[in-house]
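Comments concern the structure below.
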Amino acid sequence: MSGESNQSLRIAVLGAGAMGSLFGGSLFEGGANVTLFDLDVAHVESIRKNGLNLKTDAGERRIHVPVLFPSEVNGVYDLVIVFTKAMHTRQALTAIRSAIGPNTALLSLQNGLDNKLVLTEFADPKNVLIGITTYPADLKGPGRVESHGRGVARLAAAGEPASPTLDLLPDLFARSGLDAVIDPHAEAAIWEKVAFNAALNGLCAITGSAVGQIGAHPETRALAFQIVSEVCTTAIACGFAVERQHVEEMLADALAHHIHHKPSMLQDVIAGRPTEIEAICGAVVRRADERGVAAPVTRTILALVRHIDWRAATARRSADQLRRDPTEV
Ligand code: NAD
């Protein structure tokens, strides 16, 4: 580690979209030594030119946090916080492999079940930190991120003995106005969040409905609860003490109160971007099959969102081809 205190920790945030900008920008404001990494040219250039425009309940400000393209990686970091979408993690970590030394801690607060597995391809399990966060964030345009409401990050180590960096994180985050707790049951919390996301993200992505519309229609509402039940049964079969009732309460609350919210998977579908369905429903169905758990609704959601992803990828390929050869119709 390059220093004793958490201010001297050299921190990289890999994937500086909505969440990476919220966490990276807040940590930088709190005095941490942070560099953002992203490959979105317009976003990186806007942050370099104008600073990161971050709007939270604390107000709107411009944060002049350093930002690099992965190809500009400059030496070893003490902590890499991964905030790409789950399906981009491996490629993103490969591009900054030289930033990962023998004592570098890798932290994932991404959604999905496979983040721990992917991070351990790049670091010893004791240096892999995992968890979830309930903070919300939206990328509003290049260099512009908004986040409203409170949240928390629940953190745990993937291996023993845990990297000493884990103990530094709650204080580091608190200085930046972010709540974080070390939680030995963080993996159960990851499953609970996956259950919630599998229910709402998939159904909204397929139907094009906002959360409230899923709740207002009895059949889609029942499907959402059925997915929660399937994911929780799978989690329990895998040995994680998830609280089904807690997830059902979170789901009922979202259906009643987040009525206009369009989950990120629906936003990705609308924008023609790839979704995180493999990290969420795909990872659940794989584990359900391994344990002999029936997960028919989750499997159907997976198949339908895979179809949407396939259609979007085909359209992107055609558009690319047309750009390369405009004479082709
Ligand atoms: P996002 O799409 O806004 O940001 C991802 C960023 O990663 C983008 O800026 C993209 O350019 C960058 N990226 C992609 N490939 C890269 C690479 N190879 N190298 C460097 N950067 C790369 O996504 P987000 O909403 O910030 O979500 C990040 C993760 O956090 C996801 O797993 C998501 O499910 C999870 N999450 C999101 C929220 C939320 O409210 N947005 C809340 C909790 C968890």
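Measure off, as a whole percent, the carbon and sulfur share of the 1.4 Å-probe accessible area of segment 188-318, all protein chains present.
That fraction is 57 percent.
So what is the diffusion coefficient of segment 188-318 in µm² per second by Stokes-Einstein at 25 °C and 0.890 mPa s, using a Kirkwood Rh over Cα pairs?
Answer, rounded: 168 µm²/s.
At a 10 angstrom cut-off on C-beta neighbours, averaged per residue, how do the peptides 279-292, 142-155 rank from highest to lowest?
279-292, 142-155
Just to be sure I understand: of the beta bridges DSSP finds with both ends in the chain, what percent are antiparallel, rounded to 5?
Around 35 percent of the beta bridges assigned by DSSP in the chain are antiparallel ones.
Counting only heavy atoms of the protein chains, get the accessible area per residue of the chain (1.4 Å probe) and round it to a whole Å² value.
Result: 45 Å² of accessible area for each residue.
How large a share of the accessible area of segment 10-184, in percent, is made up of carbon and sulfur atoms when the probe is 1.4 Å and the other protein chains stay in place?
Result for segment 10-184: 52 percent of the exposed heavy-atom area is carbon or sulfur.
Give me the Kirkwood hydrodynamic radius of the chain, using the inverse of the mean 1/r over all pairs of distinct Cα atoms, in Å to one decimal.
After inverting the mean inverse Cα-Cα distance, the result is 20.5 Å.
Once Rh is set to the Kirkwood radius over Cα pairs, what Stokes-Einstein translational diffusion coefficient, in µm²/s, holds for segment 10-184 at a temperature of 10 °C and a viscosity of 1.306 mPa s?
D, rounded to a whole number, is 101 µm²/s.
The values are calculated or read from the model by the stated rules, or taken from the named source; none is laboratory data. Source: prediction; values computed, not measured. When we count neighbours, we look across all protein chains shown, and the Cβ atoms used for this are built from the backbone with ideal geometry, even at glycine. Ligands, DNA and RNA are excluded from the accessible area calculation, which covers all protein heavy atoms including side chains. Shrake-Rupley method; radii C 1.70, N 1.55, O 1.52, S 1.80 Å.
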